[in-house]
1. In region 88-100, how many residues are more than 19 Å from Trp30 (Cβ to Cβ) and open to solvent by 80 Å² or more (accessible area, probe 1.4 Å)?
2. How many of the residues in region 235-259 are open to solvent by 70 Å² or more (accessible area, probe 1.4 Å), in contact with a strand residue (DSSP E or B) (Cβ under 8 Å, 6 or more places away or on another chain) and of a type outside the set (D, E, K, R)?
3. Inside region 181-229, can you point out the residues that are at pLDDT 90 or above and of a type in the set (Asp, Glu)?
4. Could you grab me the full set of residues in region 41-87 that are farther than 24 Å from Ser100 by Cβ, open to solvent by less than 40 Å² (accessible area, probe 1.4 Å) and of a type in the set (Gly, Ala, Ser)?
5. Take the residues in region 189-231 that are touching a residue at least 24 places away in the same chain (Cβ under 8 Å) and among the acidic types (Asp, Glu), then tell me which one is least open to solvent (accessible area, probe 1.4 Å).
6. Of everything in region 60-86, what is without any contact (Cβ under 8 Å) to a residue 12 or more places away in the chain and closer than 19 Å to Met46 by Cβ? Give them in sequence order.
7. Which of the residues that make up region 235-289 are of a type outside the set (Asp, Glu) and touching a residue at least 40 places away in the same chain (Cβ under 8 Å)?
8. Among (1) loosely packed, with under 13 Cβ neighbours inside 10 Å; (2) closer than 30 Å to Gly147 by Cα, which single condition is Asn269 missing?
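The values are calculated or read from the model by the stated rules, or taken from the named source; none is laboratory data. Computed from a predicted model, the values in this text were never measured in an experiment. In this analysis, Cβ positions are derived from the backbone assuming ideal geometry, glycine residues included, and neighbour counts consider all displayed protein chains. All accessible areas refer to the heavy atoms of the entire protein, side chains included, with ligands and DNA or RNA removed. Shrake-Rupley method; radii C 1.70, N 1.55, O 1.52, S 1.80 Å.
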Amino acid sequence: MQIRDAQLRALAENIPTLCWLANADGYITWYNRGWYDYTGTTPGAMEGWGWQSVHDPQELPHVLERWRACIASGEPFEMVFPLKGRDGTFRSFLTRVQPSFDGEVVSAWFGVNTDISGQLKAEQELAAREASWSAVFNGMQEGFLIGEAILDRDGRMDDFTIVQLNKAFETQLGVSGADVIGRRARAIDPHMDETIMRTYAHVVKTGDPVRVEYQAAELNNRWFEARVRTAGPNRFAVMLLDITELKNAAKMISEREERFRSLAQSMPNHVWTAPPDGRLDWFNDRVYAYSGAPVGSLDGQGWAVMVHPGDIAA
């Protein structure tokens, strides 16, 4: 079934997109109703090259240069530029112009202007949010990684690919994101601790968050605490804290306590210790030998059995 010119003209007049027709030399002979509704102009003002009046003066030279080049070459035109509406506000339009040929010679041009200002605004807002998120993500002191599980035929996770990681994670593990993102973990570290892999697999399978500590021999025996939780279907997120200094401090305190207790055991005096809350938590052997109390029974308030009842009240 053939569609008549009048039907095509009616269709073009009523579509929400702005459209127009031009001669082979670029002289515009017709605009649809949408063009006039948006620009608030008249056919007489727009005919030929009058459309320049609704263009941004700063962008117009670039538009003209590109449009004249396409007219000369017969190539399709595509460009994004602002057009002024009847209210004086500029909105961004994606403009595409296709040539119509008579044999090998361009006989006419058909142009379409599509309003993409809403799309561009959404893209800009998304880019701003992503930039903010990226700044927070890479500014974290804790390492952060997102991995995607690789499942075997039975649906069990036996490896994962690295989807994203922040600067702190790169520093902690001594890797570059550009070198590891998109790669399999086992390819990056063939000797990966299977306990870690099983932990990630458990989170992917059950959805339960997990916290685990481990010592990385390949990283100078540094200690890490990994907090793992789901991050979407077959994905998990890991927050990695370097707790080496905490572990070293705890070990130092423990060694000092052990040295103190060894020294206290050799002293002829009664020796005990208590934390800041004053609750006694350790007595040397001389105290137990003197009191006859079972070892460990004097902790907390247990030492009161050694004190005369009249003195306790005092």
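1. 2
2. 1
3. Asp208
4. Gly85
5. My answer is Asp189.
6. Leu60
7. Of everything in region 235-289, those that are of a type outside the set (Asp, Glu) and touching a residue at least 40 places away in the same chain (Cβ under 8 Å) turn out to be Arg235, Phe236, Ala237, Val238, Met239, Leu240, Leu241.
8. Among (1) loosely packed, with under 13 Cβ neighbours inside 10 Å; (2) closer than 30 Å to Gly147 by Cα, Asn269 violates only (2).
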